[in-house]
1. Please turn the phi angles of the range 102-115 into ³J(HN,Hα) values with the Karplus equation 6.51 cos²θ - 1.76 cosθ + 1.60 (θ = phi - 60°), one per residue in order, whole Hz, x for glycine and proline.
2. Stokes-Einstein at 4 °C, 1.567 mPa s, Kirkwood radius from Cα pairs: D for the range 1-43 in µm² s⁻¹?
3. With all protein chains present, calculate the accessible area of residue 92 using a 1.4 Å probe and round the result to the nearest 10 Å².
4. At a 1.4 Å probe, what is the % contribution of carbon and sulfur to the accessible area of the chain?
5. Please turn the phi angles of the range 35-49 into ³J(HN,Hα) values with the Karplus equation 6.51 cos²θ - 1.76 cosθ + 1.60 (θ = phi - 60°), one per residue in order, whole Hz, x for glycine and proline.
6. Please check: in the Gaussian network model of the chain (C-alpha springs, under 10 Å), which one of 86, 76, 64 has the largest mean-square fluctuation.
7. Hey, got the Cα dimensions of the range 27-86 along the principal axes, in Å, largest first?
8. Would you mind checking the radius of gyration and Dmax of the chain based on alpha-carbon positions, in Å?
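The values are calculated or read from the model by the stated rules, or taken from the named source; none is laboratory data. Keep in mind it's a predicted model, so treat the numbers as computed, not measured. Cβ coordinates were reconstructed from backbone atoms using ideal geometry, including for glycine residues, and neighbour counts include every protein chain displayed. Only protein heavy atoms, including side chains, enter the accessible area calculation; ligands, DNA and RNA are left aside. Shrake-Rupley method; radii C 1.70, N 1.55, O 1.52, S 1.80 Å.
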Amino acid sequence: QVQLVESGGGSVQAGGSLRLSCAASGSIFRINIMDWYRQVPGKQRELVARSSSGGSIEYVDSVKGRFTISGDNAKKSMYLQMNSLKPEDTGVYFCSVVCIHTQYGPPNRYWGQGTQVTVSS
């Protein structure tokens, strides 16, 4: 099994910055995908940023130019640097990974517990 522990959430005024961290532990051969999702009450969980082991990085349009995803496969860690925060960025942020436990094993997705980010105007 894999456990993901997030940290770095909190409250900030509009225009401020936060850095979310996610540490993975457990039996991981390789992390193939690192994701950050956001959920707002009454809405579906939304993919905010994705980093793939092949090198591709994707962002939802609303955060492009403001958020930066990064990760370290060897350290089993991932980060989300959030700058120029807006009230609409408020939500619970979840890290999620797709990883394999052996070289030729099937991929599995795991989720963190979520961390609250609140941006006030």
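1. Couplings: 9, 4, 10, x, x, x, 9, 9, 10, 10, x, 8, x, 9 Hz.
2. Details: Rh = 13.0 Å.
My calculation gives 99 µm²/s for D.
3. 40 Å²
4. For the chain, the apolar C and S fraction of the accessible surface comes to 50 percent.
5. These are the phi-based 3J(HN,Hα) values: 10, 10, 10, 10, 10, 10, x, x, 10, 6, 5, 10, 6, 9, 8 Hz.
6. Result: 64 has the largest fluctuation of those listed.
7. So the extents along the principal axes, rounded to whole Å, are 35, 25, 17.
8. For the chain, the Cα radius of gyration and maximum Cα-Cα distance read 14.2, 49 Å.
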